[in-house]
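Undergrad: Mind having a look at this structure? Questions to follow.
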Amino acid sequence: MDRVVLLLLLCVAPLVRGYPTGLVTDSCVNMLPNHSGHSPQTKPAPFTVMMDRSSYKLGDQVKDNSKSLCISATVTLQAPAPLTFRGFLLEAREVGGLSPVGSFSLISTDAQLLTCSQKSNSAVAHNSGNIKTSIQVKWTPDASGNANNIQFHATFVQDFNTFWVVTSPALTFANGVAGGPTTLTTSTTTIQQFTPPSLVQQTSISSANCSISKVCFSQPSNCDPANGDCYFMSALMVSGEAIRYEMKGPSNGYIAFGLSDDQKMGNDDIYICGIDGNGIVGVQHAISTGRTYPTILPLGNVSNITASVQNGVISCSFTSMNIISLTRTAGFSNAYYLLFVHGPSSNGKIQIHTETFISTKTINISDPGVVQDEGVPSIVKAHGALMLIAWMTLGSLGMMVARYLKKTAKGKKVIGKDVWFVVHVGVMILTVAATIIAFILIFSYEQQWSGGVHPVLGCLVMILSFLQPIMALLRCAPQHPRRFLFNWSHALNALVIKVLAVAAIFTGLQYLDSTTDQWLVKVMGGMVGWEALFFILLDVQSRCMVNRTDTLDLTAMTNEGLLVALFFLGNFAFLVALLVGIGSS
């Protein structure tokens with residue numbers, strides 16, 4: 001029996017350890033429980049912060065034993081049935097501030113007052129680990145000092161591993177009568193401060209005053225966000241500490257912009273406007289540290305959020321007093337590159353973006369201007385062009401010469417070798433060399449592994465291409481009884497490389513092509529179809545001539561030569577079209 005009791009105690013230990021007494025003054029600044037190894041939840045918070053007014057004012061000062069009393073607000077922390085929470089921490093702060101303001105007084109018995117930042121009664125926390133469904137307290141503003149908008153910051157702890165950090169919209173300061181009752185539902189998770197599209201104030205985003213009072217960035221550069229068929233964002237400095245951001249664009253998941261020290265993904269201060277699993281739009285703050293899922297941050301000092309989705313077009317506007325803070329720089333007065341991305345989401349969690357737009361130069365938000373999109377970097381274009389030339393023209397020539405043109409140059413030699421063999425080896429060396437150069441270029445640009453199918457396909461092409469000449473050097477003599485093993489393995493490896501290269505080029509062109517109809521991908525499809533047609537025609541021609549002995553060489557040379565010439569005439573036209581498209585992407 002004692003062993004059973006001990007086992008049960010060990011099983012429930014994670015639920016009761018921590019700070020059940022609520023003495024959590026170490027969490028006053030970051031609002032995070034000191035639960036080692038655990039982070040706030042990244043799904044919408046189910047809890048609400050309710051206040052009996054939307055604004056406050058300093059009341060008439062009344063003498064009471066030399067103390068000043070001011071009008072107070074009732075704040076309620078609420079869990080929706082059947083959910084509960086065990087622990088909590090509540091503070092009031094000025095918008096943009098880190099220190100607590102005002103003081104609390106208790107109504108609920110499951111709460112206790114704390115001293116944060118050496119200010120008495122400036123925070124409220126739980127006094128036991130009991131299950132709670134609702135906590136109610138009163139907040140009174142300071143009798144003196146600056147009267148600014150304030151926000152309530154609350155941490156809800158459901159169990160040892162599960163907690164949320166919530167920031168409410170602002171409680172505004174008004175010189176007149178304080179506002180009436182209001183309910184503010186907040187969340188600092190994957191999609192924050194959700195409001196049903198039918199109830200939200202519809203965002204009105206336009207390009208008016210671009211380069212006059214606000215910074216604008218769009219794709220294409222002449223974008224009119226009112227049409228909803230392009231991607232647009234703007235930043236307006238409304239005060240020395242607040243920026244009004246706007247973003248809009250078509251997407252089935254999310255749109256997002258980031259401020260970065262460079263033109264690469266990683267070390268970016270990001271704001272995401274996305275749709276959750278219920279079709280609700282909200283704003284999320286994050287920081288990216290590389291080509292992985294970004295680190296979700298508390299929404300922080302963000303207010304006046306309006307968000308909507310209409311006909312597949314997502315719109316968001318909000319005012320942020322969060323400092324722009326990156327690894328190397330911080331502050332509004334610094335210059336940053338602008339990045340804009342969009343992509344799908346799954347149950348409110350963003351997936352890898354499908355398209356990226358990057359500014360050509362750094363911008364200072366306090367210095368309005370229209371920011372130009374850099375488009376695809378030149379080194380990426382060079383990578384794509386080399387891979388296209390290597391495997392859709394040079395590689396195709398090498399394969400055709402080896403398979404179909406051996407007999408047309410029978411007996412003709414150059415430097416002691418058959419002409420077809422010299423041409424095949426020379427062309428394939430150029431193909432492998434172009435592949436290696438393209439591989440080095442893209443890795444020197446990225447300087448790290450990037451996710452997705454394209455780099456995996458590219459690496460496989462590189463490895464197998466490097467293996468092909470090694471196999472050729474180790475081949476046995478033509479008269480060797482096992483020569484057929486080399487012939488089949490060499491041909492099969494070439495076919496696999498060709499298929500992987502075509503797939504890699506398709507996925508690469510999807511990244512390079514920013515047009516709505518993806519015309520580069522369609523042209524590539526036509527090029528592949530053209531090549532497949534001529535391989536079939538040449539194969540039929542070869543089989544038809546195999547049993548003929550009269551005028552074999554002349555007939556084969558004429559027919560196969562014409563087919564190859566016609567193939568490369570069309571191949572060249574497709575190649576030029578694709579190279580022009582890559583250059584202008």
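Undergrad: Quick check for me: using +1 on Lys/Arg Cβ and -1 on Asp/Glu Cβ, what's the dipole size of the stretch 378-583 about its Cα centre, in debye to the nearest 20?
TA: With only Lys, Arg, Asp and Glu charged at Cβ, the dipole is about 800 debye.
Undergrad: Classify the stretch 215-371 from the C-alpha gyration tensor, please: rounded if a/c falls under 1.5, else prolate or oblate depending on whether a/b exceeds b/c.
TA: Judged from the Cα gyration tensor, the stretch 215-371 comes out rounded (a/c under 1.5).
Undergrad: Sticking with this one: Apply the Karplus parameterisation 6.51 cos²θ - 1.76 cosθ + 1.60, with θ equal to phi minus 60°, to every residue of the stretch 335-342 and state each ³J(HN,Hα) to the nearest whole Hz, in sequence, with x for glycine and proline.
TA: Values per residue, Gly and Pro as x: 9, 9, 7, 9, 10, 10, 9, 8 Hz.
Undergrad: Which value in nm describes the separation of the simple spin-label points at F568 and N311, placed 7 Å from the Cα toward the beta carbon?
TA: About 5.1 nm, to one decimal.
Undergrad: Please order H126, H454, H285 by the number of other Cβ within 10 Å, starting at the fewest.
TA: Arranged by neighbour count, lowest to highest, H126, H454, H285 become H454, H285, H126.
Undergrad: Calculate the FRET efficiency for L98 and I437 from the Cβ-Cβ distance with a Förster distance of 56 Å, rounded to the nearest 0.05.
TA: So the FRET efficiency works out to roughly 0.60.
Undergrad: Here's a follow-up. Spin-label point model (7 Å from Cα, Cβ direction): what's the A532 to D142 distance in nm?
TA: 7.3 nm
Undergrad: So what are the ³J(HN,Hα) numbers for the stretch 352-362, from phi and the Karplus equation (6.51, -1.76, 1.60; θ = phi - 60°), rounded to whole Hz, Gly and Pro as x?
TA: Rounded to whole hertz, the list is 4, 5, 9, 7, 9, 10, 10, 5, 6, 8, 6.
Undergrad: Can I ask one more? Taking 35 Å as R0, compute the FRET efficiency from the Cβ-Cβ separation of H490 and K522 and round it to 0.05.
TA: It comes to 0.60.
Undergrad: Sorted by mean Cβ packing within 10 Å, highest first, what order do the peptides 416-426, 455-465, 393-403 take?
TA: 393-403, 455-465, 416-426
Undergrad: Dipole size in debye (nearest 20) for the stretch 215-371 around its Cα centre, Lys and Arg Cβ +1, Asp and Glu Cβ -1?
TA: Here the size comes out at about 200 debye.
Undergrad: Want the number for S206 to I324: 0.36 nm per residue separation, take away the alpha-carbon distance, what's left?
TA: Separation in residues times 0.36 nm, less the Cα-Cα distance, equals 40.1 nm.
Undergrad: Ranked highest first by average number of other Cβ atoms within 10 Å, how do 263-273, 492-502 line up?
TA: The peptides rank, most packed first, as 263-273, 492-502.
Undergrad: If you count, for each residue, the other Cβ atoms within 10 Å and average over each peptide, how do 148-157, 24-33 line up from highest to lowest?
TA: Result, highest mean Cβ count within 10 Å first: 148-157, 24-33.
Undergrad: I've got another one for you. Listed here are the pairs K43/K138; K361/K522; K214/K248; K43/K264; K214/K361; which of them are more than 25 Å apart at the Cα?
TA: Among K43/K138; K361/K522; K214/K248; K43/K264; K214/K361, the Cα-Cα distance tops 25 Å for K43/K138; K361/K522; K43/K264.
Undergrad: On to the next question. Enumerate the amide H contacts of K43 below 5 Å, restricted to partners 5 or more residues apart or on another chain; note that Pro and chain-start residues carry no placed amide H.
TA: Under 5 Å from the amide H of K43: T190.
Bear in mind these aren't lab numbers, they're just calculated from the coordinates by the rules spelled out. Source: prediction; values computed, not measured. Backbone-built Cβ (ideal geometry, glycine too); neighbour counts: all protein chains shown.
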